[in-house]
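Student: Shown below is the structure under consideration.
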Amino acid sequence: MGEVVHMHFTTVDYVIFVLLLVASAGIGLFYAFSGGRQRTTQEFLMADRSMSCLPVSLSLLATFQSAVAILGAPSEVYSFGTQYWFLGCSYFLGLLIPAHVFIPIFYRLRLSSTYEYLELRFNKTVRICGTATFIFQMVIYMGVVLYAPALALNAVTGFDLWGAVLAMGLVCTLYTALGGLKAVIWTDVFQTVVMFAGQLAVIVVGTSQAGGIAEVWRKAVNGSRIAGLDLNPDPLQRHTFWTLGVGGVFLMLALYGVNQAQVQRYLSSRTEKEAVMSCYVVFPCQQIVLCLGCLMGLVMFARYGEDSPLDKGYVKTNDQMVLYFVMDVFRELPGLPGLFVACLFSGALSTISSAFNSLATVTMEDLIKPHFPNMSETKATLLSKGLALAYGLVCLVMAYVASIMGSVLQAAFSIFGMVGGPLLGLFCLGIFFPWANSIGAVVGLAAGLAMAFWIGIGSFVMRISRPLVGPNLNTTALPLFDNMTTTVLTSLVTSPTAKPRPTGVEALYSLSYMWYSAHNSATVVVVGLLVSLLTGPMKEKELTPGTVFPVLGTLLFFLPDRYKEKLCCITPLILK
């Protein structure tokens, strides 16, 4: 592996990439001119609440599986072993709780925007605060999630950077603005198939070239890349069973429980039962995706061992190393590099299309409709399409901003993760604590955001101001949780063994990124409850029925509905 691989794309590779764009645009145009032709806001923003379980499940999966995850998971396993796989343990509760707590509440209230709940439960001020926080989160993130994989692809293959960014951004804007949520969901289904195909192709060919799966496993064992169960309870340790399996639950809840992009898919389901089933169906799919990422990392290790392209200077970052590996494996197989590029950008497309649609929804439902209640359906639909188009253009602007951010790029990614925890805390405060009031909600959200940015930015500044010592390995890094993903960029990293255990404020800055969501959401709940107790509990007459989950039901949410209804009747705040 000593020679430099000469990276280049063939005509066939470009054709496959173009076919991805054409197919995605074609799906959007089909739904723009079929059915109801997106003439109502219910059809454009909520797919007429007519979607079945399978497409909703695959769309949930596609939104979760961003391009950053496709590049990040294999490099994580290559560098540190399979400890990352224990993240899969968090998927069970991370999907079971939304299925039986969050979905029933949101679905039965017939919401379009998740933040409508906050007005029903608290007041309009809390709703606006939640909406503004979400918009800030997504606007910052969506340009970066489009630019980052394009930058990595350009660095390794010479693939035209802005050609890729513009093509993906414009095509995504086209099918989102014309076809609405139906187009977004069905393109997600198509893009999920492409993602699976691209990853499987790399694994199959790479395993064959390495001498078979037994040889891959043998080299991984000999190279100490097969991790055991690490039960170290230290929250400063980057990846242990507790940080991944328990801290990961809160990350999953922030995504699958209260994130507008995901909740909007549940609400587009035909029935509540199908919405709940979509959570169950996505669980095995996520496990498969996680296993594919881990297996690709092991195949990379079988090919390069400890002598990585990063150490040789062939690439500059770990995310580029995955693309280098793909081009190396497929060097004699024209067309397959194009398939993986299609896989990579399918991840980006699914994430940013979800951002456009969800941003258009919350802007329309939370910021515009309340001020123009008599707006005609035709004007509202046209305005919704205009909002989706506008956010698509904002995405391209943010991609340009990302291109000039330099070392701040990782911090921009982290903003997405830092905001998810406080929003989760805000919804938990309203759902699980009937005595919490609107003042406590606003102050709690502000405290959670302040804590999130203090720890996140403090950690970032501490790491870049400290000279790198030892090998270029990753320690606790800022979260990249999105829609989407819990993978960590490894561009700005330090050695996990070259520094003493931090104390004081540095210990707080060194908290594993997997605990960020739990820590920040807990801050919102604790501060919110304290302020609520000081300012007086919420008056019962102010509570909208169905906005508070019964305490007994919280503990026994996994019981069948017929038993839950009997238990819930002991409180007037029943879930109906």
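Student: Counting only residues that are open to solvent by less than 50 Å² (accessible area, probe 1.4 Å) and modelled with pLDDT of 85 or more, how many does the stretch 25-40 have?
Tutor: Result for the stretch 25-40: 3.
Student: Would you mind finding the one in Ser34, Ser112 that is of a type in the set (Gly, Ala, Ser) and more than 13 Å from Tyr266 (Cβ to Cβ)?
Tutor: Going through Ser34, Ser112 in turn, just one is of a type in the set (Gly, Ala, Ser) and more than 13 Å from Tyr266 (Cβ to Cβ): Ser34.
Student: Answer yes or no as to whether Ile213 is among the hydrophobic types (A, V, I, L, M, F, W, C), open to solvent by 60 Å² or more (accessible area, probe 1.4 Å) and farther than 30 Å from Val22 by Cα.
Tutor: The answer is yes for Ile213.
Student: Do we find a residue being out of contact with any helix residue (DSSP H, G or I) (no Cβ under 6 Å at 6 or more places or on another chain), over 30 Å from Trp186 (Cβ atoms) and among the aromatic types (Phe, Trp, Tyr) anywhere in the stretch 365-379?
Tutor: Yes.
Student: Taking the condition of being under 19 Å from Met51 (Cα atoms) and crowded, with 24+ Cβ neighbours inside 10 Å, how many residues in the stretch 68-101 meet it?
Tutor: Of the residues in the stretch 68-101, 1 are under 19 Å from Met51 (Cα atoms) and crowded, with 24+ Cβ neighbours inside 10 Å.
Student: I would also like to ask the following. Given the residues Leu231, Leu161, Leu251, Leu236, which is the only one that is touching a Phe, Trp or Tyr at 6+ places or on another chain (Cβ under 7 Å) and open to solvent by less than 50 Å² (accessible area, probe 1.4 Å)?
Tutor: Answer to the check: Leu251.
Residues checked against (1) at pLDDT below 90; (2) β-branched (Val, Ile, Thr); (3) under 21 Å from the mean Cα position of the chain (by Cα); (4) under 17 Å from Leu45 (Cα atoms):
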residue	(1), (2), (3), (4)
Ser354	yes, no, yes, yes
Thr363	no, yes, yes, yes
Phe372	yes, no, no, no
Leu383	no, no, no, yes
Leu387	no, no, no, yes
Tyr391	no, no, yes, yes
Val394	no, yes, yes, no
Ala402	yes, no, yes, no
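Student: Looking for something closer than 26 Å to Asn154 by Cβ, modelled with pLDDT of 90 or more, more than 22 Å from the chain's Cα centre (by Cα) and buried (at least 24 other Cβ atoms within 10 Å of the Cβ) - is there at least one such residue anywhere in the stretch 274-297?
Tutor: No, the stretch 274-297 contains no residue that is closer than 26 Å to Asn154 by Cβ, modelled with pLDDT of 90 or more, more than 22 Å from the chain's Cα centre (by Cα) and buried (at least 24 other Cβ atoms within 10 Å of the Cβ).
Residues are listed down the side, and each one gets a yes or a no for (1) under 26 Å from Gln286 (Cα atoms); (2) open to solvent by 10 Å² or more (accessible area, probe 1.4 Å); (3) at pLDDT below 90:
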site: Arg127; (1), (2), (3): no, yes, no
site: Thr133; (1), (2), (3): no, yes, no
site: Gln137; (1), (2), (3): yes, no, yes
site: Val145; (1), (2), (3): yes, no, yes
site: Val156; (1), (2), (3): no, yes, yes
site: Met168; (1), (2), (3): yes, no, yes
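Student: Kindly check whether there is at least one residue in the stretch 316-324 that is among the basic types (Lys, Arg), under 18 Å from Gln191 (Cβ atoms) and in contact with a helix residue (DSSP H, G or I) (Cβ under 8 Å, 6 or more places away or on another chain).
Tutor: No - not one qualifying residue is present in the stretch 316-324.
Student: Only helices (runs of 4 or more DSSP H) wholly contained in the stretch 308-377 count here; list those with 3 or more residues that are of a type in the set (Ser, Thr, Tyr) and open to solvent by less than 10 Å² (accessible area, probe 1.4 Å).
Tutor: 336-362
Student: Any chance you could count how many residues in the stretch 187-210 are open to solvent by 10 Å² or more (accessible area, probe 1.4 Å), hydroxyl-bearing (Ser, Thr, Tyr), in contact (Cβ under 8 Å) with a residue 24 or more places away in the chain and more than 18 Å from Tyr78 (Cβ to Cβ)?
Tutor: Within the stretch 187-210, residues that are open to solvent by 10 Å² or more (accessible area, probe 1.4 Å), hydroxyl-bearing (Ser, Thr, Tyr), in contact (Cβ under 8 Å) with a residue 24 or more places away in the chain and more than 18 Å from Tyr78 (Cβ to Cβ) number 0.
Student: While we're looking at this one, here's another question. Right, Val184: part of a helix (DSSP H, G or I) and open to solvent by 10 Å² or more (accessible area, probe 1.4 Å) or not?
Tutor: no
Student: Could you tell me which residue of the stretch 194-247 is modelled with the highest pLDDT, considering only residues that are among the hydrophobic types (A, V, I, L, M, F, W, C) and not in a helix (DSSP H, G or I)?
Tutor: So the residue we want is Val246.
Student: Sticking with this one: Show the residue pairs that are 6+ apart or on different chains and have beta-carbon atoms under 7 Å apart, the first residue being within the stretch 493-508 and open to solvent by 50 Å² or more (accessible area, probe 1.4 Å), the second being modelled with pLDDT under 70.
Tutor: Filtered contacts from the stretch 493-508: Pro496/Leu473; Pro496/Thr475; Thr497/Gly470; Lys499/Val469.
Student: I've got another one for you. Within the stretch 512-531, work out how many residues are surrounded by fewer than 20 Cβ atoms within 10 Å (Cβ to Cβ) and either closer than 22 Å to Phe241 by Cβ or among the acidic types (Asp, Glu) (or both).
Tutor: Selection size over the stretch 512-531: 1.
The values are calculated or read from the model by the stated rules, or taken from the named source; none is laboratory data. Because the structure is a prediction, the values reported are computed rather than measured. Quick reminder, even Gly has a Cβ in these numbers, built from the backbone with ideal geometry, and neighbours come from all protein chains shown. Protein only, heavy atoms only, side chains kept; ligands, DNA and RNA dropped before computing areas. Shrake-Rupley method; radii C 1.70, N 1.55, O 1.52, S 1.80 Å.
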